[in-house]
Amino acid sequence: MKVLVLNCGSSSIKYQLFDMTSTTVLAKGLVQRVGMAGSTIDYRKGDDGKKKVYECDVLDHKIGISKIFELLTTGEDAVISSLKELDAVGHRVVHGGDKFSSSVLIDAEVKKAIHDCIVFAPLHNPPNLKGVEAVEEILPTIKQVAVFDTAFHQTMKPEAYIYAIPYMFYEKHRIRRYGFHGTSHRYVASRAAKLLGKPLEELKLITVHLGNGCSICAIDKGKSLDTSMGHTPLEGLAMGTRCGDLDPALILHIMKQYELTISEMDNLLNKHSGVLGISQISSDLRDLEEDWPKKSERANLALDVYSHRIKKYIGAYMAVLNGCDAVVWTAGVGENSPIVRSIVHREMSWLGIKLDLEKNEVTWRGAEGDITTPDSKVKVLVIPTNEELVIAQDTVECMK
Ligand code: ADP
């Protein structure tokens, strides 16, 4: 069974074609600058083939997806002989509101629900929907599946998802914590169970997803009990350019003091805050970690604030879970930054965590590993995320 996974952003399309019989990646790549001048398409045959970059005009998502289909089926790097070989398309959809607690086959009703959630995710849901509609136009009969970032967190109880503001906002406008990165938290939790050699149903896990966006999740018996991102992906941990948790009164104060409009404030909190805002150097942790701790005081401060917030949430989630078997690190920073992992786990032995500093320094390069000492009561694992694989697996499940 061959499944194409699409992640359509406002100006990009990430894609991977899976052969789910052998669970292998046949081809993958990225369309960049959709709707802009200078668009390109990256194409890699297989999981680690040589990347080829093609320049072409990609005016919209439909043209981008047509180009992907063309690369998959024609030329020397083709991996399927025709689109007839394609069995289904799985889409990453950011917001499913409180309607979806699992992945679903897309029909008119599901499309309407994705559309209704645009109000919650105005930057993400419209391009996600465009991707679905573009495939529908090119291949009208193919089955499509939506895999929501929010679905995994639908098991949270009201005490975790209700905000302490007038209840009317929840009742009338569904304003509540939704949480994101659900596909990644779910995947690494199930891998952690394999690595620990125990059923997921017997484990209490804290999963830490640190990419450009960052979130942390308390998982009990495979179910999300609480997560740091909220109604939007701005809440919680400090991120590359996003502020995360903040005293809400500050927003009013800064807007008044600097006479900022709503969109200027939105821009400040989403694009100019986080480690970029503190360091004024970069949103990319690699730039701050270069020469650490000698780079600059502000680079160190940004790393310390970033790490302190993670530590605080780990403590909070140990309380929420009433224990913890393992903390799992994943995504760009989580998988690759021994510095952040060591700052966070410094002095956590009272909570049962003892990091093995040598193992922490290992460059895991896509491998999974335990970075604690044998006597550490709580394990700390590094597990590379694979959201595309989960989307492909869910697509296969929904087709059954
Ligand atoms: P996305 O959230 O877009 O999926 P990733 O999970 O790939 O992104 O994470 C991207 C981030 O990972 C970059 O902004 C960078 O800060 C961080 N990163 C990648 N490699 C390293 C590394 N070797 N050390 C520290 N941080 C890294």
Above-threshold pairs, the threshold being 21 Å between Cα atoms, out of 45/67; 112/143; 28/50; 221/354; 51/84: 221/354; 51/84
Cut-off under 5 Å, modelled amide H: who pairs with residue 27 long-range: 17, 46
Residues with amide H under 5 Å from that of residue 229, placed H, sequence gap 5 or more: 180, 216
With unit charges on the beta carbon (Lys/Arg positive, Asp/Glu negative), name the residue among 185, 215, 199 whose Cα is farthest towards the positive pole of the charge dipole of segment 147-272. 199
Any residue on another chain or 5+ positions along whose placed amide H is under 5 Å from the amide H of residue 90 is listed here as 4, 5, 6, 145
Per DSSP H run of at least 4 residues, take -39500 (n - 2.57); add these up for the chain, divide by its residues and hand me the 222 nm value, nearest 500 deg cm²/dmol. -11000 deg cm²/dmol
Can you work out the Karplus-derived ³J(HN,Hα) for every residue in segment 372-388? Use 6.51 cos²θ - 1.76 cosθ + 1.60 with θ = phi - 60°, whole Hz, and x for glycine or proline. 10, 6, x, 8, 6, 5, 9, 8, 10, 10, 10, 9, x, 6, 8, 5, 5
Any chance you could run the full-extension gain for residue 85 through residue 50? It's 0.36 nm times the residue separation minus the Cα-Cα distance, nm to one decimal. 10.2 nm
J(HN,Hα) series, segment 225-240, from Karplus relation 6.51 cos²θ - 1.76 cosθ + 1.60, nearest Hz, glycine and proline x: 9, 6, 8, 7, 6, x, 5, 10, x, 8, 7, x, 5, 6, 10, x
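Using unit Cβ charges (K, R positive; D, E negative) and no other charged atoms, how large, in debye to the nearest 20, is the dipole of segment 110-164 about its Cα centre?
Around 80 debye, computed over segment 110-164.
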Between residue 201 and residue 397, how high is the FRET efficiency from 1/(1 + (r/R0)^6) when r is the Cβ-Cβ distance and R₀ = 25 Å? Nearest 0.05. 0.85
Report the FRET efficiency, 1/(1 + (r/R0)^6), for residue 107 and residue 245, where r is their Cβ-Cβ distance and R0 is 35 Å, rounded to 0.05. 0.35
Say we join alpha carbon atoms closer than 10 Å with springs in a Gaussian network model of the chain; which of 178, 54, 306 then has the biggest fluctuation? 54
If you plug each phi of segment 82-87 into the Karplus form 6.51 cos²θ - 1.76 cosθ + 1.60 with θ = phi - 60°, what whole-Hz ³J(HN,Hα) values come out, in order, with x for Gly and Pro? 7, 5, 5, 6, 7, 8
Sum of side-chain charges, residue 359 neighbourhood, beta-carbon under 13 Å (Lys, Arg +1; Asp, Glu -1): -2
May I ask you to list the aspartates and glutamates whose Cα is less than 18 Å away from that of residue 400, ignoring any residue fewer than eight positions away on the same chain? 19, 85, 87, 107
Among the aspartates and glutamates, which have Cα under 15 Å from the Cα of residue 194 when same-chain residues fewer than 8 positions away are ignored? 202, 325, 368, 370
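All of the numbers you see were taken from the coordinates with simple rules; none came from a lab. Values in this document were obtained by computation on a predicted structure and should not be read as measured data. Because the Cβ atoms are built from the backbone with ideal geometry, glycine has one as well, and the counts that use them run over all protein chains shown.
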